[in-house]
1. Only one residue in GLU222, GLU249 is more than 30 Å from CYS525 (Cα to Cα), in contact (Cβ under 8 Å) with a residue 40 or more places away in the chain and surrounded by 13 or more Cβ atoms within 10 Å (Cβ to Cβ), so which one is that?
2. Considering each of VAL275, VAL319, VAL339 in turn, give the residue that is out of contact with any Ser or Thr (no Cβ under 6 Å at 6 or more places or on another chain), over 30 Å from ILE360 (Cβ atoms) and not acidic (Asp, Glu).
3. What about ASN242, is it out of contact with any helix residue (DSSP H, G or I) (no Cβ under 8 Å at 6 or more places or on another chain) and in contact (Cβ under 8 Å) with a residue 40 or more places away in the chain?
4. Select from segment 404-453 the residues that are of a type in the set (Ser, Thr, Tyr) and within 30 Å of ALA467 (Cβ to Cβ) and write down the one among them that is surrounded by the fewest Cβ atoms within 10 Å (Cβ to Cβ).
5. In segment 164-206, what residues are out of contact with any Asp or Glu (no Cβ under 7 Å at 6 or more places or on another chain), within 30 Å of TRP352 (Cβ to Cβ) and of a type in the set (D, E, K, R)?
6. Being buried (at least 17 other Cβ atoms within 10 Å of the Cβ) and not β-branched (Val, Ile, Thr) is the filter; apply it to segment 285-295 and report the residue that is nearest to CYS250 (Cα to Cα).
Amino acid sequence: MECRCATAKAPSEKKDCQVSFPAIQGYNCPPSGVMEYLGHTQTSSYMTGPRLGGSNYQTFLPTVGTMQGSYKAVDSYPAPSPLRRSLTTLPWKPSTYYQTARVLPSTAITRSIPEPMSTRNQLSEIDSIKVPPVFAAARNALYTRYSPRDWMHSNQTNYLSSDRVRNAAERLRLDTVRLCKETDDKTKRTQSEVGKRLGNRLGDIQFWKSELIHETDLMITETNALNEAKRLLERALQETENPLHVSQECLYNREKRQSIDLVHDNVEKELIKEVDVIKRCQEKMRNTIERATNQQSLNRAAQHELETDERDKFLAKQVDDSCHKMRNTSRGLGYHNGVETIDTTVSVPETWAQFSNNNIQRSQSERAASKQMRNEIESVLNQCANEMWQQWNAVNVCLTQRVQESTDARNKLQTHLSKVLQEIFDMEKNIELLKKSIQDKEAPMQVAQTRLDTRLRRPNIELCRDAVQHRLVEEVSEIGETVDTLYTKLRLAESAVQELLRTKSTLEQDLSVKNNSIFIDREKCVGMRKTFPMSPRIVCC
């Protein structure tokens with residue numbers, strides 16, 4: 001089908017068209033020679049009507065009969081895609097505004113309009129002039145698509161819809177302005193309230209921080225006083241080593257006496273008692289020092305808690321002060337999505353204040369205990385000094401009496417020494433007898449074991465556990481038990497000889513040092529105990 005243009009002069013000047021329609025008088029083809037699809041913008045002349053002016057302008061439409069030969073019975077041009085966009089470049093014209101409805105062959109044409117059989121839609125008479133359809137499958141019925149009433153109703157509907165949409169948009173716009181103002185005011189009030197609460201929080205932190213610093217200073221002063229008292233007590237404990245050394249030296253010198261000379265006399269009792277008194281005082285001092293050390297640890301622990309709490313409050317104050325100084329124009333602001341859902345808090349204001357209060361109360365109680373410990377240290381120093389001085393004088397009195405008694409006991413050791421020597425001689429003879437008896441048991445043991453070993457070589461069934469076998473086994477066991485018994489007696493005899501030799505050595509040593517016993521008690525012990533080796537008043541500096 002060709003495009004017949006009124007201005008065409010020769011067949012060679014015809015332009016190819018993708019879609020050809022019969023030439024219609026009064027309609028001009030597009031300049032490009034290409035027809036637009038139905039539903040596109042009306043840029044073609046056959047959709048916008050005839051052009052005004054020109055020599056070929058006519059005001060009448062051609063009859064249907066003159067154009068029937070140029071129509072095709074079937075529409076061969078596919079409809080555009082429902083979502084195909086317009087050829088225009090206007091962004092506010094969506095493609096859906098310019099799409100045509102798809103005609104389904106299975107649906108009757110009379111169903112394409114509302115109430116097609118209505119009397120107001122039917123023609124009163126058949127008009128000899130019919131409007132040619134755009135497509136061959138268009139309607140062929142003798143009635144119009146819409147009535148004037150439908151046209152007016154559509155216009156009225158558009159007017160009402162426009163008013164309704166504008167009213168809704170105006171209400172939304174006013175609500176939006178009001179909501180923006182309300183949210184701005186609410187945000188400012190909330191931010192101001194948060195700032196006030198941060199200021200109050202900073203005041204609370206500063207209050208508890210000052211209380212903690214004051215209590216820390218008091219605790220440091222008390223700890224230093226306790227350290228000084230503990231130093232004096234440790235010094236006194238070191239000085240008690242001098243009288244203890246003298247008492248132990250007296251005991252060690254008296255220990256040089258052997259056997260009968262080692263009498264548990266009053267001097268020894270008093271010396272032991274003095275040692276016990278000194279050691280008891282030392283133990284009391286050590287316990288006091290240990291408790292003072294524990295109290296120092298408690299003081300340091302309480303001070304550490306105070307310092308830790310004060311440091312935490314210092315950091316918290318810096319953080320809250322930084323938050324308090326933040327403004328909407330501050331630098332470093334940014335979004336932290338989900339931070340409001342994170343809850344890492346471990347306390348509430350009540351427990352937070354109670355924590356610092358507990359630390360201060362603990363420090364106060366530890367300071368009171370530390371002061372009591374200092375009083376106890378002074379009491380222990382005075383008490384131990386008095387006890388050691390009294391016992392020192394008691395030992396000196398008993399030692400003087402014992403020197404006189406020691407001269408009467410030097411000649412009682414000779415008889416005991418002679419008896420010990422005779423017993424040593426007899427035990428040595430007994431040991432030799434035991435050794436000979438043990439040696440005599442070696443041959444019978446070898447015979448019995450050799451017999452058993454020889455009988456192991458009997459062949460096959462001859463390896464009988466007979467009476468001989470039983471007796472040989474019993475003989476070996478009896479000889480072994482006899483030898484064990486003899487060895488036990490030998491060890492006992494040797495131990496007895498060693499004990500006799502030790503006794504002999506003790507007696508001989510006692511006889512050799514008996515003359516020196518008086519010298520030890522009178523010269524050494526009394527001589528070193530003439531002066532008390534420490535100051536009676538230990539607490540003095």
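What follows is calculated from the coordinates using simple rules that are stated; it is not laboratory data. Every value quoted in this text rests on a predicted model; they were computed, and no experiment measured them. Using ideal geometry, Cβ is built from the backbone for each residue, glycine included, and neighbour counts are taken over all protein chains shown.
1. So the residue among GLU222, GLU249 that is more than 30 Å from CYS525 (Cα to Cα), in contact (Cβ under 8 Å) with a residue 40 or more places away in the chain and surrounded by 13 or more Cβ atoms within 10 Å (Cβ to Cβ) is GLU222.
2. On the way: VAL275 fails: out of contact with any Ser or Thr (no Cβ under 6 Å at 6 or more places or on another chain); VAL319 fails: over 30 Å from ILE360 (Cβ atoms).
Exactly one residue qualifies, and that residue is VAL339.
3. Details: out of contact with any helix residue (DSSP H, G or I) (no Cβ under 8 Å at 6 or more places or on another chain): yes; in contact (Cβ under 8 Å) with a residue 40 or more places away in the chain: yes.
Answer is yes for this residue.
4. THR450
5. Once the filter is applied, which keeps residues that are out of contact with any Asp or Glu (no Cβ under 7 Å at 6 or more places or on another chain), within 30 Å of TRP352 (Cβ to Cβ) and of a type in the set (D, E, K, R), segment 164-206 yields LYS186, LYS188, ARG189, GLU193, LYS196, ARG197, ASP204.
6. Top of the filtered list is MET285.
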